[in-house]
Structure formats: structure tokens, C-alpha cells
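I have placed the structure first, in the form of C-alpha cells, so that the comments after it can refer back to it.
None of the figures in this text is laboratory data; all of them are computed from the coordinates on show. Nothing here was measured: the structure is a model prediction, and the numbers come from that model. Neighbour counts run over all protein chains shown; Cβ positions are idealised from the backbone, glycine included.
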Amino acid sequence: MRSKSDAPRLARQPGRLAAFSDAVFAIAVTLLVLEIQPPQDFGHLLRGLGGLWSSYLAYTLSFLLIGQVWVNHHVMFDRVRHVDREVLFLNTLLLMVIAFLPFSTSLLAGALRAEQGLRTAVVVYGATLWTAAALFNIIWAHLRRAKLLDPSLGPFGVRAIGRRFALALVWIGSGILVGAFVPIAGVAIIAGFLPAYYLPIRGEYGEDNKATDRPG
């Protein structure tokens, strides 16, 4: 019969999960550039390069969004003591969605270039991001419920990170709804999501744990 003191040695550490996730993020951002094909007419190369503006736009947006997901993935798993099978499975689903993003990016770039099917492309693109955000929230909720988080984070930090993740669902969802009617406005809303989510989360390092009753 195992004693309680044996349990920590049997727990799965998050290191391998984080390393595998980093590899998938790196591959996903690399695949983004493959959608940008060089012009065929080298006699008018400058004009041809300018004509690829939609690919540049979609590439930049998706690269920064994947980078943002990577940053917040670290925010989450830097505070995880160990992981269970549920976390491994949910994180696999999250990575599956991230790996799908280059396709959604190519779809968006193609629709912008053709000026056709843009509403559908924006909805598919936004839905990919919304699904990733939903999985973030599901993983965070499970980590809290299963008590897999580092206790030093404290309740203030736990709530602050949870609020940041939950806001993503509303923000991206708004972009999808608007994009279904005004595609460019929907893309702009999703793009506006970037600066806010690169900012640090107050309490994510545990320094504000004493302020458990303060909003923020």
C-alpha cells in the first residue's frame, strides 16, 4: 500500500507536455509562411509582391496570435505542479486546433485576395481561435478543480488568470458575430485582441495574493 509521501514521486511533471507543446507551436508558425507563394511574373516582381498583401496580413495576424497563445500557455503551465490524463488529453486537443490554424490562415488570405467568400473565411478563422480559447478555459477549470496548480499562486492570481482566459471567449466571439456581416470589421476586432493579451496579468506571479478581495 502506497503512503501519501510516495504520491508526488508518481505524479506526471508538466515538463514533457510543455516541451511537446512548444514544438507544435513552433511548427505551426513555420507552416504559416508556406502559404505565401512568390510571384510567377518576375518581370513585374514589385507589383507581384504588392499583390500578396492579403497573405502578409493573414501571416502577421496568425503569427502574433499563435505567439500570444504560446505566451499564455506558459502563464498557465508555469503554475502547474503536475498533470493528469485529463490535462494531457485536453492539451492535445488544444494543439490540434493550433495545428489547424495555418489552414484557416490560408483560407482567410485567399478570400481577401479573391474578394469572395470572405464572411465564411472570417467565421472559420475566428471559430478556430474561439475553440482554442474555449479549450484554455476548460483546461484552467480542470486544473483548479483537480488542485493541480501551485498553491503559491494564490486565489487572487487564479481568479485573475481565469478572467483573462474567459474574456477571450467574449472578445473573439464578438469578432465572429461581426465578421459574419462585416468581415473586415470582424478581423479588426480579432486583431484588437492581440495587444491586450500580450500584457502581463496582475497576480500571475503570486505577488498580489494578499489582495484577494480587490478586483483586477
### Query
What residue among G110, G51, G157 has the largest mean-square fluctuation in a Gaussian network model of the chain, using Cα springs under 10 Å?
G51
### Query
What chymotrypsin sites (Phe, Trp or Tyr not before Pro) does region 80-182 have in DSSP loop regions with at most 12 other beta carbons within 10 Å?
F181
### Task
Go ahead and set up a Gaussian network model of the chain, Cα springs under 10 Å, then flag whichever of T30, T105, T120 fluctuates most.
T30
### Candidates per trypsin sites (Lys or Arg not before Pro) in region 111-162, loop by DSSP, up to 10 other Cβ within 10 Å
K147
### Task
Beyond 25 Å, what share of the Cα-Cα pairs of region 1-113 is found? Please give it as a whole percent.
41 percent
### Query
222 nm [θ] for the chain, helices only, -39500 (n - 2.57) per DSSP H run of 4+, per residue, to 500?
-24000 deg cm²/dmol
### Query
Between region 40-88 and region 108-145, what's the alpha-carbon centroid distance in Å?
13 Å
### Task
Please report the base-10 log of the normalised intensity I(q)/I(0) for the chain, using a Debye sum with one equal scatterer per alpha carbon and no solvent, at each q in 0.09, 0.13 (1/Å).
-0.43, -0.79
